[in-house]
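Structure record follows, encoded as structure tokens.
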Amino acid sequence: MDSAARLFLGEHNFSNLARVGEKNPYRKILDIHIGTEGRFTYLEVKAESFLWHQVRCMASALSSVGAGELDGDGIALLLAERSSRPVPPAPAEGLVLWDTDCNLIWDPVEKSDRSATYCAELRRHHALMEQVCRVLRPGPE
């Protein structure tokens, strides 16, 4: 997957890997890295700018490489030619904006009663959804 990820380096047409609309589909990837942390695999991408869903579509394509459904030639083809089947974006869950470098200061949400309440509600919601999924699709524990 890492060698396939490096194919994204440089300037490419991301029409098959983003929601482009009326925008210029060319974007320049400055750095890309795939790593693991515990049981998680992560993708870090640094670019001059991004298109809507670009990183999620890149992650989806690289996931297909990891699953053996696509290879480096497939990635190169997605960057070189218009496809009738653009790559769908990976789910937004787990997507984190780690940093920006546009001369703006970005501070994470500060701890407060309001943010703590919001996070607690999210945890309750996801715990409930896990229970619903276990009832609908029981499986091995």
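The values are calculated or read from the model by the stated rules, or taken from the named source; none is laboratory data. What you are looking at is a predicted structure, and each value in this text was computed from that prediction instead of being measured. Backbone-built Cβ (ideal geometry, glycine too); neighbour counts: all protein chains shown.
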So SER60, is it assigned to a helix (DSSP H, G or I) and either over 26 Å from LEU122 (Cβ atoms) or free of Cβ contacts under 8 Å to residues at least 60 places away in the same chain (or both):
yes
Six or more apart or on different chains, Cβ under 8 Å: which pairs go from a residue in the range 76-102 that's in a helix (DSSP H, G or I) to one that's β-branched (Val, Ile, Thr) and modelled with pLDDT of 90 or more? Could you list them?
LEU78/VAL87
Criterion (of a type in the set (A, V, I, L, M), surrounded by fewer than 17 Cβ atoms within 10 Å (Cβ to Cβ) and outside any loop (DSSP other than H, G, I, E, B)) met by exactly one of LEU30, LEU43
LEU30
Residue among SER83, SER64, SER115 that is of a type in the set (Gly, Ala, Ser), within 14 Å of ASN16 (Cβ to Cβ), surrounded by 10 or more Cβ atoms within 10 Å (Cβ to Cβ) and at pLDDT below 90:
SER83
